[in-house]
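Below is one structure, written out as structure tokens, with a few remarks after it.
Read-outs: derived from the displayed coordinates by stated rules, not from any lab. Just so you know, these numbers come straight off a predicted model, no measurement behind them. Every residue, glycine among them, receives a Cβ derived from its backbone with ideal geometry; neighbour counts consider all protein chains shown.
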Amino acid sequence: MSWVGVCGYQALQPERGVCALVDGVQVALFRTHDGSVHALGNLDPFSGAYVLSRGIVGSRRDEPTVASPLHKQVFSLVTGRCLDQADVSVPVYPVRVARDRVEVSLR
């Protein structure tokens, strides 16, 4: 697995998303209140716009989520599955924190 450094861990504010370009792919990064970091594809499959990083971070039944800022569909930060329409999902990317740097792998 090839890891790409994206930003410092402290640059990610809890419950906020940011977008990073990783090897030409837009990746939405999220840090939750428990300190976990998640990486999803930034493309909202319902609108076709690259906006998931601007979504509203929350949870459903203890599962961390992000709601699209456009049409409000909710996606799991763990699996990428849309919780409002089970046959739709976004890519989930491996993410880790190494020496206080957030790193993402496109695999």
Quiz item: Take the residues of the range 30-65 that are touching a residue at least 24 places away in the same chain (Cβ under 8 Å) and among the β-branched types (Val, Ile, Thr): which is farthest from Tyr9 (Cα to Cα)?
Solution: Val57
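Let's see how each residue does on (1) exposed (fewer than 14 other Cβ atoms within 10 Å of the Cβ); (2) of a type in the set (Ser, Thr, Tyr); (3) out of contact with any Phe, Trp or Tyr (no Cβ under 8 Å at 6 or more places or on another chain):
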| site | (1), (2), (3) |
| --- | --- |
| Trp3 | no, no, yes |
| Tyr9 | no, yes, yes |
| Pro14 | yes, no, yes |
| Asp23 | yes, no, yes |
| Thr32 | no, yes, yes |
| Leu40 | no, no, no |
Quiz item: Among the strands (runs of 3 or more DSSP E) contained in the range 66-107, which hold 2 or more residues that are farther than 17 Å from Gln26 by Cα and over 14 Å from the mean Cα position of the chain (by Cα)?
Solution: 95-98
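Quick check on the range 1-59: of everything there that is among the hydroxyl-bearing types (Ser, Thr, Tyr) and in a strand (DSSP E or B), which residue is farthest from the chain's Cα centre (by Cα)? Show your work before the answer.
Step one: list which residues in the range 1-59 are among the hydroxyl-bearing types (Ser, Thr, Tyr), which gives 2, 9, 32, 36, 47, 50, 53, 59.
Now drop any that are not in a strand (DSSP E or B), which leaves 50, 59.
Values: Tyr50: 12, Ser59: 13 Å.
Taking the candidates together, the pick is Ser59.
For every residue, the table says whether it meets (1) in contact (Cβ under 8 Å) with a residue 40 or more places away in the chain; (2) within 12 Å of Gly55 (Cβ to Cβ); (3) buried (at least 19 other Cβ atoms within 10 Å of the Cβ).
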{"residue": "Ala67", "(1), (2), (3)": "no, yes, no"}
{"residue": "Val78", "(1), (2), (3)": "yes, no, no"}
{"residue": "Leu83", "(1), (2), (3)": "no, no, no"}
{"residue": "Pro91", "(1), (2), (3)": "yes, no, no"}
{"residue": "Arg96", "(1), (2), (3)": "yes, no, no"}
{"residue": "Arg101", "(1), (2), (3)": "yes, no, no"}
{"residue": "Arg107", "(1), (2), (3)": "yes, no, no"}
